[in-house]
Amino acid sequence: MTAQPSPNLRHPLSDLLDERRLPHSWCPGCGIGIALGAILRAVKRRIDEGYLTKDKVVLITGIGCSARAALYVSFDSAHTIHGRAIPFATGVKLAKPWLSVMVFGGDGDIAGIGGNHLLHAARRNMDLLVFMISNLVYAMTGGQVAPTTPRGLYTTTTPHGNPERPVNVIKLVASQNPNYVARASATHPPLIETYTYKALGMEGFRFIEIISMCPEVFGRHIGYNDPVALYKAIKSKTKVKANPSLDEADYDWNHGWVLGEFVVNENPGYLRMIGRGVGP
Ligand SMILES: Cc1ncc(C[n+]2csc(CCOP(=O)(O)OP(=O)(O)O)c2C)c(N)n1
């Protein structure tokens, strides 16, 4: 007989999850749930400490595997249009400045189709916390090459290897000098939690890239048939650095990614600049 869980046993994040929606749709070995879990732990800490209340937290997403996160949280959220999460979130923040507005999306969503919005939200130092899940492909639609796919890698649409240089989104966002630009990885959940906790306490535009594993439509194309092998490969290619320079944000598949905080500023956010209050 299989042991049944005690009815009194609750998931530590149950207060923030809409358990009616579970199980979620992410594949075994996917990094998106790991990232969302770490982010929610940071939100929970801020709530438990009295800095935030659940009714003042909002999660806006576009479309894609990552964007499905909006369905699984039990606080206010909106699952909007591919690439347009940042403009929706900007509208929410301008209409209700007291809300703490987060955006969560894939690299195709945030840096591909939504790349223009990303640039201008960063330029404005708009009071948003944006998470970009870099699983290095357009996952939901079958693993097409994304703007972040490292050069040379095989994807559904680059059967001879990706000939293009990827966009370095850390440098792109940092060029607009917003308040926070950091890179973490789903292979390092405590780092995601630490950066999120810190960013939740700041104003202005805050951007956290999270390198993530997509075993199903990324890993398989480059020879990792086992999700654990892809996880270990990405873990071995990521290293945490204190105060890295922006040039250290460059990456390729062989040398991997430097994780760390690339930009930390305390400039006034957009809401303060236009005299609409400060808000978290
Ligand atoms: C305007 C528009 N273009 C294209 C699509 C098709 N589409 C849906 S999900 C998706 C890929 C999403 O990839 P990404 O944003 O990287 O997120 P992931 O699935 O990898 O988490 C695409 C191209 C769409 N829904 N809307």
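The values are calculated or read from the model by the stated rules, or taken from the named source; none is laboratory data. All of these numbers come straight from a predicted model, not from anything done at the bench. Please note: Cβ atoms are built from the backbone with ideal geometry, for glycine as well, and neighbour counts cover all protein chains shown. For accessibility, only protein heavy atoms count, side chains too; no ligands or nucleic acids. Shrake-Rupley method; radii C 1.70, N 1.55, O 1.52, S 1.80 Å.
Things worth noting here:
- Value at 222 nm in deg cm²/dmol, rounded to 500, when DSSP H runs of n ≥ 4 in the chain each add -39,500 (n - 2.57): -7500 deg cm²/dmol
- In this structure the chain gives 44 Å² per residue of accessible area when probed at 1.4 Å with all protein chains present.
- Approximate spin-label separation residue 222-residue 24, in nm, with each point projected 7 Å along Cα-to-Cβ: 2.2
- For the pair residue 247 and residue 95, label points projected 7 Å from Cα toward Cβ lie 4.6 nm apart.
- Accessible surface of the chain, 1.4 Å probe, proportion on carbon and sulfur as whole %: 54
- Restricting the range 188-266 to trypsin sites (Lys or Arg not before Pro) in coil, as DSSP defines it, with at most 13 other Cβ within 10 Å: 241
- Looking at the range 24-273, the DSSP beta bridges with both ends there are about 20 percent antiparallel.
- In order along the range 125-142, the phi-based Karplus estimate (6.51 cos²θ - 1.76 cosθ + 1.60, θ = phi - 60°) of 3J(HN,Hα) comes to 6, 4, 6, 9, 10, 10, 10, 10, 8, 8, 9, 6, 8, 7, 7, 4, 8, x Hz; Gly and Pro are listed as x.
- Above-threshold pairs, the threshold being 32 Å between Cα atoms, out of 171/232; 44/93; 44/237; 93/237; 44/232: 93/237
- Straight-line reach from residue 241: taking Cα to Cα under 13 Å and skipping same-chain neighbours fewer than 8 places apart, the aspartates and glutamates in range are 261.
- With a Förster radius of 25 Å applied to the C-beta separation of residue 54 and residue 273, the computed FRET efficiency comes to 0.35.
- Antiparallel content of DSSP bridges confined to the range 102-235, in %, to 5: 15
- Note on residue 79: accessible area approximately 80 square angstrom, rounded to 10, probe 1.4 Å, nucleic acids and ligands left out.
- More than 26 Å apart - percent of Cα-Cα pairs taken over the chain: 39
- In the chain the longest region clear of GluC sites (Glu not before Pro) that are loop-assigned by DSSP and have at most 16 other C-beta atoms within 10 Å covers 50-163.
- Under the simplified labelling scheme, the residue 81-residue 198 pair shows an inter-label distance of 3.6 nm, with each label point 7 Å from Cα along Cα→Cβ.
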